[in-house]
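First comes the structure, then the notes that go with it.
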Amino acid sequence: MKITREGALPINDGFRMPAEFGRHEGTIMIYPTRPGSWGKNRSGALASFALIFYEIIKREDLYLLVPDNPEYYAEAKELTDLIANKVCSECGGRLVHALNLIKIDTDDSWARDVAPIFVSGRDGSKRGVNFGFNAWGGEVDGLYASWDKDNAVPSKFCDFCGYEYYDAEPFILEGGSVHTDGDGTLMVTESCLLSKGRNPSLSRQQIEDRLKAYLGAEKVLWLPRGIYNDETNEHVDNVCAFVRPGEVVLAWTDNVNDPQYELSNASYEYLLSATDAKGRRLKIHKLPIPDVPVLIGEEDLANYVFEEGEDERSVGERLAASYVNYYYINGAILVPQFGGANEESDKRALDILRGIHPDRTVIGIAAKDILLGGGNIHCITQQIPG
C-alpha cells in the first residue's frame with residue numbers, strides 16, 4: 001500500500017535504511033532472460049545465478065521475480081526446485097527458508113537497481129521506497145530504450161508482499177548508487193548522482209536532502225568517482241562498501257598506468273579526510289581489482305542479441321570488474337571470481353575479505369558471466385532487512 005502524506009517528503013518518521021551486513025529476512029532477485037545482457041545462450045549466466053540462489057536459500061528467504069511467461073516460469077521453477085531439493089537433502093529433509101517465485105515482468109535482472117529499497121522502523125517494521133528508474137540515464141545516456149516494466153517493480157513487489165511503501169517518484173535513484181553503514185551515514189559517487197541523465201533539475205543539496213529524507217541518513221559521503229568504464233555512471237557499490245560502521249573496503253590498484261588508479265586514488269584521498277555521521281574517521285581496506293582487465297571477446301559478442309535502442313558492446317571492451325561488488329547474506333559473503341588469468345587475484349580478494357570478516361563464511365562465486373551482463377553479484381541482489 002502506498003503511503004500518502006502531507007508535503008513532498010517523509011521526514012522524521014523514524015525509518016532508516018539498515019546496513020546490508022545486518023540481518024536479512026531475505027533477498028530479491030530476478031530471473032535472467034534478456035538476450036542483450038545474458039545472451040541467446042544463457043547457460044553461463046544461469047549457472048552463476050543458480051550458485052547464488054543456492055547459497056541464499058540455505059541462509060535466508062529468496063524472492064525470485066519471474067516473467068509472466070509460461071516457458072520462462074517453467075524453466076525457473078525447474079531450476080529452483082532442483083536447488084531447493086539439494087538444500088533440503090543437506091538440511092535434514094526440509095527447506096528452512098522460503099523460496100518464493102513471483103510473476104512480475106521486468107526489462108532485465110538488475111534487482112539492486114529496480115527492486116524497492118527497504119527501510120526499517122525502530123520497532124522492526126519494514127517499508128519499501130519506490131524510487132524512479134530510467135535505465136541509468138534515460139534519454140541522455142540510458143542503457144535501453146524502454147524501462148517501464150523495471151520502473152513498476154517496487155510498487156508491484158510491495159503490493160504483492162503486503163509492504164507499505166513511500167513513493168519517491170519522479171526522483172531517480174538506483175539501489176547500487178547508495179551504500180549505508182546503518183548508523184546514519186550514506187555513501188554515493190558524484191559521477192553517478194550528479195549525472196545529467198538522472199535528476200538534472202535538482203542541485204547537489206536537494207539530492208542530498210531527498211536521500212536523507214527517504215533513507216533516514218544523517219550524513220552523505222560523496223566519493224568523486226567509481227570504477228573505470230562502469231556504464232552506470234560509476235555506482236558506488238562497485239567501488240566502495242561499508243563492512244561495519246566506520247570501516248570500508250575500497251577498490252584499488254597500485255598500477256599507476258591503469259586508468260582505475262586515478263579514480264580510486266581520488267576516492268581514497270576523499271575518504272581519508274572524511275568523517276561519518278558519528279564523527280568517526282574511516283578505516284579503509286584496499287581491495288585490489290583483478291590483475292588482468294576483463295575484456296569482451298569475440299565469442300562473448302556473438303552471443304549477445306541487442307534490441308533497438310539498447311547499449312551495445314564491442315570486442316576488446318573493458319568491463320567494470322571489481323571484487324567490491326560482493327553481497328552480504330546471513331552469515332556469509334558472496335564474492336565475484338573472474339577466473340582465467342585472474343585466479344591469483346581472485347584468491348587474494350577472498351583472503352582479504354576473510355581477514356576483515358572472521359565471523360562470516362566468504363564464498364567465491366564464478367561471476368564472469370554476470371559481469372558480461374553489465375554488473376555483478378551485488379547488482380543482481382537486493383536485501384530485505386530482518
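Just so it is clear, none of the values below were taken in a lab; they were calculated from the coordinates. Source: prediction; values computed, not measured. Glycine gets a Cβ as well: all are built from the backbone with ideal geometry, and neighbour counts include every protein chain shown.
Taken over region 76-200, the ratio of Cα radius of gyration to 2.2 N^0.38 Å equals 1.26.
Residue 275: net charge of surrounding residues, Cβ under 11 Å, Lys/Arg +1, Asp/Glu -1, itself excluded?
Every neighbour counted, the sum reads +3.
In this structure, residue 96 and residue 73 have a Cβ-Cβ separation that, at R0 = 25 Å, corresponds to a calculated FRET efficiency of about 0.55.
Among 174-181, 134-141, the peptide with the highest mean count of other Cβ atoms within 10 Å heads the list, and the full ranking is 174-181, 134-141. Here is the size of region 344-386 from its Cα atoms: Rg then Dmax, 12.4, 35 Å. Volume per residue for region 267-370 equals 166 cubic angstrom (convex hull of Cα atoms).
Restricting attention to the chain, close to 40% of DSSP beta bridges with both partner residues there are antiparallel.
Extension gain residue 299-residue 161, at 0.36 nm per residue separation less the Cα-Cα distance, in nm?
Stretched out fully, the residue 299 to residue 161 stretch lengthens by 45.6 nm.
For the chain, relative contact order (Cα pairs under 8 Å, six or more residues apart, normalised by length) works out to 22 percent.
Taken over the Cα atoms of region 127-244, the convex hull encloses 105 Å³ per residue.
Taking R0 as 45 Å, what's the FRET efficiency between residue 169 and residue 283 from their Cβ-Cβ distance, rounded to 0.05? That gives a FRET efficiency of 0.75. Placing a pseudo-label 7 Å from each Cα along the Cα-to-Cβ vector at residue 105 and residue 343 gives an inter-label distance of 4.6 nm.
Show which aspartates and glutamates lie in cross-link reach of residue 77 when reach means a straight Cα distance below 16 angstrom and same-chain residues fewer than eight apart are skipped. Within reach: 61, 68, 105. When Lys and Arg each count +1 and Asp and Glu each count -1, what net charge do the other residues less than 9 Å away from residue 150, Cβ to Cβ, add up to? Net charge around residue 150: -3.
The charge dipole of region 14-385, taken about the Cα centre with unit charges on the Cβ atoms of Lys, Arg (+1) and Asp, Glu (-1), comes to about 1460 debye, rounded to the nearest 20. Subtracting the Cα-Cα distance of residue 366 and residue 201 from 0.36 nm times their residue separation leaves 55.3 nm of extension gain.
In plain terms, if you count all Cα to Cα distances in region 24-65 and split them into 10 Å steps from zero, the share in each step is 28, 48, 22, 2 percent.
Here region 1-142 yields Rg over Rh of 1.01, to two decimals, using C-alpha coordinates and the Kirkwood radius.
Computed over the Cα atoms of region 89-146, pair by distinct pair, the Kirkwood hydrodynamic radius stands at 15.0 angstrom. Taking only Cα atoms and a 10 Å spring cutoff, compute GNM fluctuations for the chain and point out the largest among 167, 123, 369. Sorting by GNM fluctuation, first place goes to 123. Rounded to the nearest 0.05, the FRET efficiency derived from the C-beta distance between residue 261 and residue 292 at R0 = 25 Å is 0.95. Of all lysines in the structure, those lying under 30 Å Cα to Cα from residue 347, and not within fewer than 8 positions of it along the same chain, are 58, 86, 283, 286, 368.
Once both labels are positioned 7 Å from their Cα atoms along Cα-to-Cβ, the gap between residue 149 and residue 2 label points is 2.2 nm.
Using a simple spin-label model with pseudo-atoms 7 Å out from Cα toward Cβ, residue 306 and residue 354 lie 4.1 nm apart. So, counting K/R as plus one and D/E as minus one, what does the shell of residues with Cβ under 12 Å around residue 291 add up to? Combined, the nearby Lys, Arg, Asp and Glu give -3.
Using only the C-alpha atoms, the convex hull of region 14-385 corresponds to 134 Å³ per residue.
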